[in-house]
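Before any comments, here is the structure.
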Amino acid sequence: MQQDCYLKFENITKRFPGVVAVDNVSIEIAKGSCHSLVGENGAGKSTLGKILAGIHQPDSGKIFIAGVEKRFRHAGEAFKAGIGMVHQELEFCENLSVAENLCLSDLPAGAGIVNKKQLYEKARQMLKVIGAEHIDVEKRLGLLTVANQQLVQIAEAVGRNAEILIFDEPTSSLSQSETENLFRLIDKLKRKSITCIYISHRLGEIFRLCETLTVLRDGKVIGTKNINEITEDKLVEMMIGRSFEAYFPKHIKSEKGPELLRVENLSSPGKFENVSFSLCAGQILGLAGLVGAGRTELAEAIFGLDKNIKGKIYLQGKEVNITTPSQALGCGIALVPEDRKRHGLVLSMNVAENICLSILEKISNFFKSIKKRKLLEFVDKYFNLLKIKAASPWVQTLSLSGGNQQKLVLAKSLATDCNILIVDEPTRGIDVGAKAEIHSLIDELAGKGKAVLLISSELPELINLATNILVFRQGKIAGSLARNEVTQQKVLRLMAGLRN
């Protein structure tokens with residue numbers, strides 16, 4: 001063991017049914033450092049983090065902390081040993097308040113009664129540490145935005161005074177300012193000699209925060225590097241096993257088709273106001289803006305999830321009144337939601353059942369019984385099209401990595417054979433290889449005449465894929481940019497309320 005090694009994974013192996021998730025992995029991490037685990041979805045990064053956090057137990061191998069072997073039978077033992085984890089998928093009690101969730105493991109109580117005043121004060125202090133004082137600790141957690149739920153989870157992990165913290169895609173739902181606050185917090189933690197393991201597909205974050213990194217591919221270690229001895233291009237090549245070239249969307253060269261969707265002066269109180277745009281066949285219209293700017297709320301309104309909207313929606317020139325998702329699907333509109341776990345999938349179902357969830361009528365007979373051969377046709381088609389990594393279409397969706405769950409949401413939407421596809425953060429938590437595959441798929445759909453409304457917080461993604469970009473600010477369209485005039489600087493200025 002190296003002299004400066006504080007945390008050591010030694011020959012760790014973990015198997016799930018049909019899959020070797022972690023294969024003989026050995027890594028050494030220095031105390032007070034930030035070490036990144038990098039790789040495509042399904043590479044074993046999150047599994048390794050969950051083994052350290054006591055959520056999974058390894059089939060073989062050892063973990064050493066400060067030279068002492070540790071084996072955690074459950075998450076509670078890891079917690080007592082000073083290990084905290086910020087999960088990629090939010091794990092909370094949505095019906096409890098923010099304060100109750102933050103203090104669930106240590107509720108301030110006397111004579112069996114919770115002291116609400118102490119509870120709220122303790123929760124406020126935990127949020128203050130990470131710069132999230134704006135969150136109402138008395139509010140039910142399920143009512144918060146995904147971004148604020150992520151901040152609560154970070155506050156809960158940091159507030160336990162852990163010696164080792166595992167961050168699994170912690171910025172996937174955060175705005176730029178919230179992300180910068182997290183970076184400053186991690187820098188502060190390192191100065192306090194707290195050891196951080198950072199899992200992210202955003203390479204810029206890794207180069208900003210980490211001193212060392214380990215690349216995993218198919219559960220195996222490809223290599224461990226100091227951050228100053230590797231470039232982004234070389235890192236991507238190690239991750240995916242091939243060179244990664246710039247991608248230019250093919251649909252840009254095609255002529256736009258007829259107008260498929262038009263909204264006029266669409267408004268919803270407190271969410272967005274007087275939004276108007278047109279979307280044509282073969283077009284990808286990008287929506288940019290800060291978290292909470294109204295983009296997701298607009299998408300949900302078009303999909304029939306907002307009963308309070310005013311204004312007009314036209315499909316192929318004909319005014320429609322869409323009040324439910326079923327009506328939207330009947331009109332040829334499909335939505336890939338921002339939060340795949342809560343709104344996109346039924347995690348207790350298997351992969352095949354999720355793919356066909358929106359097309360039950362297409363695969364059922366007169367007596368409402370599923371036609372198995374028809375089901376298999378759809379499942380095989382979209383399982384292969386999206387290159388979903390799973391032992392089979394019959395495994396439980398919960399067992400898939402976050403990226404493969406995201407592919408599954410896309411498959412479920414595409415199975416409806418929609419003309420208009422709304423995709424909200426389609427590559428959130430997706431690795432660079434899978435991201436390129438999804439970009440190529442969206443481009444291909446537009447090339448085949450689909451109309452795509454693309455919402456993304458990643459400006460390079462929008463700028464690369466979109467035909468035009470609408471920039472949202474505080475529920476209103478702050479500006480519109482054509483592809484030939486768009487730059488990151490122009491988009492950021494409009495997002496900030498500055499004129500270009």
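Observations on the model:
- CD proxy at 222 nm, helix term only [per DSSP H run n ≥ 4: -39500 (n - 2.57); per residue of the chain; nearest 500]: -9000 deg cm²/dmol
- Helix 146-158 axis versus longest C-alpha principal axis of the chain: approximately 0°, rounded to the nearest ten.
- Cβ-based net charge around V114, under 15 Å, with every Lys or Arg adding one and every Asp or Glu removing one: -1
- The loop-placed GluC sites (Glu not before Pro) in region 120-209, going by DSSP, that have at most 15 neighbouring Cβ atoms within 10 Å of their Cβ come out as E133, E138.
- With bins 5 Å wide beginning at 0, the percent of Cα pairs of region 61-193 falling in each bin runs 2, 10, 19, 22, 20, 14, 8, 5, 1, 0.
- Within the chain, antiparallel bridges make up roughly 60 percent of the DSSP beta bridges whose residues both belong there.
- Extension gain (nm, one decimal) between A111 and A482, 0.36 nm per residue minus Cα-Cα: 127.1 nm
- Cross-link partners for K374 among the lysines, with Cα-Cα distance under 27 Å and sequence neighbours closer than 8 places in the same chain left out: K341, K362, K387, K389, K407, K412, K448, K450.
- Descending semi-axes in Å of region 5-240, equivalent ellipsoid built from Cα gyration tensor: 31, 20, 16
- Electrostatic dipole magnitude of region 250-495 [Cβ: Lys, Arg +1; Asp, Glu -1; Cα centre; debye, to 20]: 320
- Antiparallel DSSP beta bridges within region 5-240, as percent of all bridges there, nearest 5: 60
- Radius of gyration, Dmax [region 120-260; alpha carbons; angstrom]: 19.4, 60
- Each listed q (0.08 Å⁻¹) maps to a log10 I(q)/I(0) for region 250-495 from the Debye sum over equal C-alpha point scatterers, namely -0.30.
Every number here is computed from the coordinates shown, using simple stated rules; none is lab data. It should be emphasised that the depicted structure is a prediction, and the values quoted were computed from it without experimental measurement. In this analysis, Cβ positions are derived from the backbone assuming ideal geometry, glycine residues included, and neighbour counts consider all displayed protein chains.
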